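Only one structure is covered here, and it is reproduced in the block below.
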Amino acid sequence: MKTVITYGTFDLFHIGHVNLLKRAKSLGDRLIVGVSTDEFNQSKGKTTLVPYAHRAAILESCRYVDLIIPEQNWQQKRPDIVQHNVDIFLMGDDWRGKFDELSDLCQVIYLDRTKDISSTAMKQAINVFVQMQKDFL
C-alpha cells in the first residue's frame, strides 16, 4: 500500500484544495492530510476564518482523504512520515525546495497550484467587498 501525506491550513475550502487532494490521492492508495491547528497558524502569523475543527470535518468528508491529523508544529513532519509509513510527501509548488530534506525518508513531490485561486486571494477579495459595502453606506 502506497501512502501519501500532505499538509495545509485548508481555510476557505476551494477548487484548488480539491485539485490538490485529488491529484495527491491519485499517487497512492492512502492519503493522509495534516491540517494546521489554529494555534500553529497563530504561531506562523496566520489567521483563519474557519476554525480547525470545522476545517478538519470538511476534509474528513472529502472522498480523497483517508486520515486527518492535526499539524501542530513544523518539526512533526519527519515523525509523521515514519509513524504512518509514508511513501510520498506532497506539497504545492509554492513550497518548492522547502522540504527536500525529507527525501531521505520518502519521495518529495511539489505539485503545481491551481491557477488564479488561493485562500489568500479569496480573503483579499472579501476584504475589498466589505470595504466597498462600508464606503457605499
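Rule-based calculations on the coordinates, nothing more; no lab input. In this text, all values refer to a predicted model and were calculated from it rather than measured experimentally. Counting neighbours? That spans all protein chains shown, and the Cβs are built from the backbone with ideal geometry, glycine included.
Brief remarks follow.
- Approximating the spin labels as points 7 Å out from Cα along Cα→Cβ, the residue 42-to-residue 112 distance works out to 3.9 nm.
- Entries of 25/98; 44/98; 22/98; 2/46 with Cα pairs more than 24 Å apart: 2/46
- Sorted by Cβ neighbour density within 10 Å, fewest at the top, the residues 90, 59: 59, 90
- Ranked by the mean number of other Cβ atoms within 10 Å of their residues, highest first, the peptides 16-24, 29-37 come out as 29-37, 16-24.
- Column: log10 I(q)/I(0), Debye, Cα scatterers of the stretch 1-122, q = 0.09, 0.12 Å⁻¹: -0.22, -0.39
- Label-to-label distance, nm, for residues given as residue 49 and residue 95 (7 Å Cα→Cβ offset): 2.3 nm
- For the stretch 1-90, a simple Cβ point-charge model (Lys and Arg +1, Asp and Glu -1, everything else neutral) yields a dipole of about 280 debye relative to the Cα centre.
- Summing +1 for each Lys or Arg and -1 for each Asp or Glu among the other residues whose beta-carbon sits under 10 angstrom from that of residue 93 gives 0.
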